[in-house]
Structures are given as structure tokens and as C-alpha cells.
Amino acid sequence: AALSDPDQVVAVSQGIRRVLLGAGVPGDRVSQVYSAVDASAYQSPLSRAGARARLGLAGDAEVVTVVAQLIPRKGHRFLIDAVPTLLARHPRLQVLFVGDGELRDALAAEVGRRGLGEVVRLLGHREDVADILRASDLLAHPATMEGFANVAMQAMAAGIPVVSSAVGGMPESVRDGENGLLVPPGDPGALADAIGRLLADPALRRRLGQRGREIVESEFTVDAMVRG
């Protein structure tokens, strides 16, 4: 078959499948198979304190991490907008941006303009994501468009909850109130409320994080992906 007329298209989420069907791809040619992660690869052997020490973080810091390319659709700007509200309630807040991209200089400039350089750190591309997740209280994913973010599953594997925009296929892995919290895209106030709720409630973080790990290890496995 020509490239313009594939026999089958595999979508990584039902959200992507809906987009394809809406674009006119015949339903019998679109199947859906979730991506997978090797959960063990994101379960760091470091202790929480040890992981924080490596990053220069205080043991009592409240750590929110974003792992994503620094590009517009990943929504970093909305988290920066939420930081002042969060800081008022959580003065030990630390926000880590892991990843690189076209917006690095612009985001760094905005952080500096707002006087948030001691709170928001741009770590660039890193190979030690598992250790960074171990140091984190939660993962934030404030994207405005997303098919199915593997990083959410990486955070789930690490046993921490996820606060994500309810876009694309994200609600298929981040289940509101079960293993994380969902917020409307582009809404710094809702993002601050959800993150603040988790930072204020360690028991809730543990419960959501444990459930996330169970979901990854039972549903989003490499074996399940290969079978699909």
C-alpha cells in the first residue's frame, strides 16, 4: 500500500484514535495500543533524602517536577503563573523543569523577571530521571495538547501522583482521584489548587502514588504493548 493509504494505523490512546476518526480515517483501519514503560527503570535505588541531596534540595522542600520538552504545547508557562499562589501557601516550594527545547531562554527570562530564580530551576536534559522522580513529591504535566505522555507513566512507576491537564489521552492514564488529579488546560488557578491540595496532604499523595504504581505494573506493561 502507498504511504498515503496504510493498511492499519496504531494509535497510542483513545484520544488519538478519536482524532484520526474525526479526520476521516476508516474505523476498521485504526487500532489502539497503549505505549508502555519498563517500570523498574523508574524506581530509583536512592532514598528520597539521597536523591534530594544529589540535586541540592533541602530535605523538607516541597518538590514539583515537570519532565517535558520546553515547547509551547507542554504548558510550562501555566505552572510559572501558578507558582506565586503556591508559594504563598508552600514557602518551601521547589519547581524542577527537566528537559530542553526552543523555549529554554524565554522561560529562564520569565522566571528571572518574576524573581522566581530560587524556586524554579531549569535542569535541562537529564539521564537521571528516575532519581529526580524519587526526589519529587509529584509530577505536573500542564500540557495544552497531548496524545499519551509516557512521562506520566514514568512518574506512576516511581510511585508519585500526577497533576495533568485533561487533554488528549491523558485521562486514560491519569485517573482523577485515583492516581492523580486532572485540571482544565491553560488554567493556572486550577493547577495551583490541585498541586496545593497534594502538597498539603502527604497521605493522599501516598495513596495516589501507590495506586499509580499498581496501574502501570498491571496495565501499561511491555508485554501488553507487544500483544497489542
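Quickly run through segment 192-228 and pick out the residues that are of a type in the set (Asp, Glu) and either touching a Phe, Trp or Tyr at 6+ places or on another chain (Cβ under 9 Å) or farther than 17 Å from Arg92 by Cα (or both). Answer for segment 192-228, where residues must be of a type in the set (Asp, Glu) and either touching a Phe, Trp or Tyr at 6+ places or on another chain (Cβ under 9 Å) or farther than 17 Å from Arg92 by Cα (or both): Glu214, Glu217, Glu219, Asp223.
For segment 156-194, a tally of residues being hydrophobic (A, V, I, L, M, F, W, C) and over 22 Å from Tyr42 (Cα atoms) returns 8. If the condition is being free of Cβ contacts under 8 Å to residues at least 60 places away in the same chain and part of a helix (DSSP H, G or I), then segment 84-112 contributes Pro84, Leu87, Ala88, Arg104, Asp105, Ala106, Leu107, Ala108, Ala109, Glu110, Val111, Gly112.
From the list Gly112, Gly101, Gly117, pick out the single residue that is modelled with pLDDT of 95 or more, on the phi > 0 side of the Ramachandran plot and not polar (S, T, N, Q). Criteria check complete, one pass: Gly101. Listed by first and then second residue, the pairs linking a residue in segment 35-63 that is touching a residue at least 60 places away in the same chain (Cβ under 8 Å) and farther than 26 Å from Glu118 by Cα to a residue that is among the small types (Gly, Ala, Ser) and part of a loop (DSSP other than H, G, I, E, B), with Cβ atoms under 7 Å apart and 6 or more places separating them unless they lie on different chains, are Tyr42/Ala158; Gln43/Ala158.
Report, ordered by the first and then the second residue, all pairs with beta carbons closer than 6 Å, sequence separation of six or more or different chains, a first member in segment 212-226 that is open to solvent by 30 Å² or more (accessible area, probe 1.4 Å), and a second member that is at pLDDT below 90. Hits for this filter: Thr221/Ala36; Val222/Ala36; Met225/Ala36. Candidates in segment 194-211 are the residues that are under 17 Å from the mean Cα position of the chain (by Cα) and of a type in the set (A, V, I, L, M); of these, the one that is surrounded by the most Cβ atoms within 10 Å (Cβ to Cβ) is Ile195.
Restricting segment 159-193 to residues that are in a helix (DSSP H, G or I) and open to solvent by 10 Å² or more (accessible area, probe 1.4 Å) leaves a set whose member that is nearest to Arg48 (Cα to Cα) is Asp193.
Being under 17 Å from Phe78 (Cβ atoms) and either over 15 Å from the mean Cα position of the chain (by Cα) or not basic (Lys, Arg) (or both): is that true of Ala155 here? No: the conditions fail for Ala155. Scan segment 70-82 for residues that are without any contact (Cβ under 8 Å) to a residue 60 or more places away in the chain and either acidic (Asp, Glu) or crowded, with 16+ Cβ neighbours inside 10 Å (or both) and jot them down. Scanning segment 70-82 gives Leu70, Arg77, Ile80.
Quickly run through segment 198-228 and pick out the residues that are more than 14 Å from Glu178 (Cα to Cα) and either assigned to a helix (DSSP H, G or I) or among the hydroxyl-bearing types (Ser, Thr, Tyr) (or both). The answer is Leu199, Pro202, Glu217, Ser218, Glu219, Thr221, Val222, Asp223, Ala224, Met225, Val226, Arg227.
One line per residue, one yes/no per condition, for (1) in contact with a strand residue (DSSP E or B) (Cβ under 7 Å, 6 or more places away or on another chain); (2) outside any loop (DSSP other than H, G, I, E, B); (3) of a type outside the set (Phe, Trp, Tyr):
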{"site": "Val10", "(1), (2), (3)": "yes, yes, yes"}
{"site": "Gly15", "(1), (2), (3)": "no, yes, yes"}
{"site": "Leu20", "(1), (2), (3)": "yes, yes, yes"}
{"site": "Gly24", "(1), (2), (3)": "no, no, yes"}
{"site": "Ser31", "(1), (2), (3)": "yes, yes, yes"}
{"site": "Ala36", "(1), (2), (3)": "no, no, yes"}
{"site": "Ala41", "(1), (2), (3)": "no, yes, yes"}
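Among the residues making up segment 124-158, those that are outside any helix (DSSP H, G or I) and open to solvent by 30 Å² or more (accessible area, probe 1.4 Å) are His125, Arg126, Glu127, Asp128, Thr144, Met145.
The values are calculated or read from the model by the stated rules, or taken from the named source; none is laboratory data. Only a predicted model underlies this, so the values are computations on that prediction, with no experimental measurement involved. Heads up, the Cβs are rebuilt from the backbone with ideal geometry, glycines too, and the neighbour counts pull from every protein chain shown. Quick note on the areas: whole protein, heavy atoms, side chains included, nothing else; ligands and nucleic acids left out. Shrake-Rupley method; radii C 1.70, N 1.55, O 1.52, S 1.80 Å.
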